[in-house]
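Taking it in order: structure first as structure tokens, then the write-up.
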Amino acid sequence: MRKANLEDIKEIMSILRKTIKEMHSYHNNQWDEFYPQEKDFSNDIQEETLYVSERNGRPVAFICVNKQEPSEYSGLSWSSRKDVMVIHRMAVDPECRRQGIGRELMGFAEGLALRNNIDYLKIDTNSINEKMKRLFVKCGYHFIGEISFLGKEIPFYCYDKLLV
């Protein structure tokens, strides 16, 4: 895992396009032509909060981890009121799935939080994104509730994890 840089944008956008195509194949419109966009990843890179996992010298997955908590989270009964890091914009190239990369990304986020003296993480996903929901549960995250998000009709499910 390493911090993403602007030279990674082409590969990140390729992973994004493949991921969106796959998501739409099972009617998950969590991501589309409006979100996320290249500017979102460029901002993440500028803020040094976007990371990539590489295989054979090229990015095959990305994850953004920062302290920016969506305002939509405020109505939920979270497990803690501690300082938190939030996982955003995470994907693994569909051609590289089933190799443990998703778990690697989640483990990286947890380690990053701990290195920043934060032992609490939050994350959300579209309620029909079964793959992500299974990953969250496998990694020890707990379902907190649902929110309306990004103007989407289908609700998003929110999860959290206390690391200590």
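What follows is calculated from the coordinates using simple rules that are stated; it is not laboratory data. Just so it is clear, the model here is predicted, and its values are computed rather than measured. Note that we place each Cβ from the backbone using ideal geometry, even for glycine, and neighbour counts take in every protein chain shown.
Tabulated data
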{"item": "Loop GluC sites (Glu not before Pro), the range 62-164, which have at most 15 other Cβ atoms in a 10 Å radius of their Cβ (DSSP)", "result": "GLU153"}
{"item": "CD proxy at 222 nm, helix term only [per DSSP H run n ≥ 4: -39500 (n - 2.57); per residue of the chain; nearest 500]", "result": "-9500 deg cm²/dmol"}
{"item": "Entries in LYS18/LYS82; LYS67/LYS133; LYS21/LYS133 that, when Cα-Cα distance is taken, lie over 29 Å", "result": "LYS18/LYS82"}
{"item": "Principal semi-axes in Å for the range 49-114 [√(5λ), Cα gyration tensor, largest first]", "result": "26, 12, 11"}
{"item": "Backbone HN-Hα couplings from phi across the range 143-159 [Karplus 6.51/-1.76/1.60, Hz, Gly and Pro as x]", "result": "5, 9, x, 10, 9, 8, 8, 6, x, 8, 6, 7, x, 9, 9, 10, 9"}
{"item": "Per-residue ³J(HN,Hα) for the range 78-91, Karplus 6.51 cos²θ - 1.76 cosθ + 1.60, θ = phi - 60°, Hz, x for Gly and Pro", "result": "6, 5, 8, 10, 5, 4, 9, 10, 10, 8, 10, 5, 10, 7"}
{"item": "Dipole magnitude of the range 2-162 about its Cα centre (Cβ charges: Lys, Arg +1; Asp, Glu -1), debye to nearest 20", "result": "520"}
